[in-house]
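Input: a single structure, listed below in structure tokens.
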Amino acid sequence: MLRNKKTALFSLGLISSISLTAMAQAPQHHVVVAPQCLIKHTDFSFKTLSETASFVLIETNEAGIDKLIDAKTQYRASGCGGFVNVTESWDAFQPKTLAKDKRAKQFLIDYTKPTKSISNLSKVGYEIKYEKQVNTLLSQLNPQMMWDNLSTLSSFQDRYANSDHGVKAANWIKDYVETLAKNNQRSDVTVYTIPTGSYKQPSVIAKIGTSSAPGIVIGAHMDTLSGSFSKKPGADDDGSGTVTVLEVARTLLSSGMTFNKPIYFMWYAAEEQGLVGSGYVVSEFKKKNIPVDAVLHFDMTGYAHKNESTMWLMSDYSNKELTAYLEKLINTYVKQPVKYTACGYACSDHASWNKGGFAAAMPFESSMNNDNPNIHSSQDTMDKLSLSHMTDFAKLGTSFVVELAQPLA
Ligand code: BES
Ligand code: ZN
């Protein structure tokens, strides 16, 4: 009798703790656009909402997202391409009164259509006008700082968007820029975060300048895949881009230079989960009607195939004119060979901006055919990277923000 009672109490306790956990947990609903070839390679539970010859719109849960990530990691070489988590835009998609299947069909049609550009950058022009200011800043870049920061970032077990390590990494970046602003007595800097839906890790943003002119964005993704089975240092993907952006920010904040246009430094969360963090950032900018002239995205800047110093430019999911301008900046300020390559799918956060109608561009460390074979594994470590290659991208980033944000005086 006593035993029974105990069991009953115990099971009651168990039930209530289970439901508490369920309540505390993030919502399980995820809506994803995935290539047909990726879905074919995976075995998991999902509901097809709509499909075309090349894409499927599916509804799944967190376990499904993990399965998709496993599949894309395993079949990366097959050139199938990644998936994009569209939960936020699907949930907001109108009209809600439409039957779910019709709504899904319309959503997928709209999603796969090329987006209309809302950027007015063509009016801004792509000139080289501030050589003196750019060269002053270039002489202040400190490669050793990048290396030290990369060493800190790759020492976390992972920077996974749903782990406490991932949140700590985001906080480390936030503290780093806050300290920079404070030490340089800058009163024109705002550091803030944008939440990433059901993920723990927020994106981190540092805005310099207070004018309401259109902004210039420079960013990288800070997250890695989960390190619960093996460490995910993510030195190249995308620790390299993260520290490239940090070094541009450090140099600029210490210079005391001010600009006509605000500059936004961004470190996106949950890129590896389907461009989730940048998706939330872009939708926040659109909701608040914040104008943006140009977006530069660094994802992998440290691996130099055969030690070649060529800087590659992504020709897809990006703005042609802005990308051509990068070539001009490299010729003027970095003086390295430039070549073009393509991801073939929405491979990183520039695609979120591009989808939102903003002018975005993505320079890259190597050609797509000779990319770093160690990414997404415990082998993505610093010893395979070139600090001088990374520094060249920091030079490009610096010249980009100075020329486009226009220094005052
Ligand atoms: N850094 C990679 C993208 C990449 C890898 C570009 C190799 C060029 C060469 C990025 O972090 C990534 O892994 N992207 C995913 C897609 C994303 C939408 C989940 C990918 O490529 O599978
Ligand atoms: Zn990646």
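The values are calculated or read from the model by the stated rules, or taken from the named source; none is laboratory data. A quick note: this is a predicted structure, and the numbers were derived from the prediction, not measured. Every residue, glycine among them, receives a Cβ derived from its backbone with ideal geometry; neighbour counts consider all protein chains shown. Accessible surface areas use protein heavy atoms only, side chains included; no ligands, DNA or RNA. Shrake-Rupley method; radii C 1.70, N 1.55, O 1.52, S 1.80 Å.
The C-alpha atoms of the chain define a longest principal axis, and helix 62-74 lies at about 50 degrees to it. Net charge in the neighbourhood of T332 (other residues with Cβ under 12 Å of its Cβ; Lys, Arg +1, Asp, Glu -1) is 0. Dividing the mean sequence gap of close Cα pairs (under 8 Å, 6+ apart) by how many residues segment 190-269 holds gives a relative contact order of 47 percent. Peptides 294-300, 137-143 ranked from most to least packed give 294-300, 137-143, packing being the mean of other C-beta atoms within 10 angstrom over each peptide's residues. Sort out for me the Cα centre separation of segment 322-391 from segment 91-134, rounded to whole Å. Their Cα centres are 21 Å away from one another. On a 0 to 90 degree scale, rounded to 10, what angle separates helix 2-24 from the longest Cα axis of the chain? Tilt of helix 2-24: around 30 degrees.
With a 1.4 Å probe rolled over the protein heavy atoms of all chains, the accessible area of E51, E271 falls in the order E51, E271, largest first. Relative to the dominant Cα principal axis of the chain, helix 143-153 is inclined by about 10°. Pair-distance distribution P(r) for the chain, from all Cα-Cα distances in 20 Å bins starting at 0: 27, 56, 14, 2, 0 percent. Classify segment 219-353 as rounded, prolate or oblate from the Cα gyration tensor: take a ≥ b ≥ c as the square roots of its eigenvalues, call it rounded if a/c is under 1.5, otherwise prolate when a/b beats b/c and oblate if not. Judged from the Cα gyration tensor, segment 219-353 comes out rounded (a/c under 1.5). The Rg/Rh ratio for segment 133-243 is 1.00, where Rg is the radius of gyration of the alpha carbons and Rh is the Kirkwood radius. G357 sits among other residues whose Cβ lies under 9 Å from its own Cβ, and their net charge, with Lys and Arg +1 and Asp and Glu -1, is +3. Computed with a 1.4 Å probe over protein heavy atoms only, the accessible area of M145 comes to about 70 Å².
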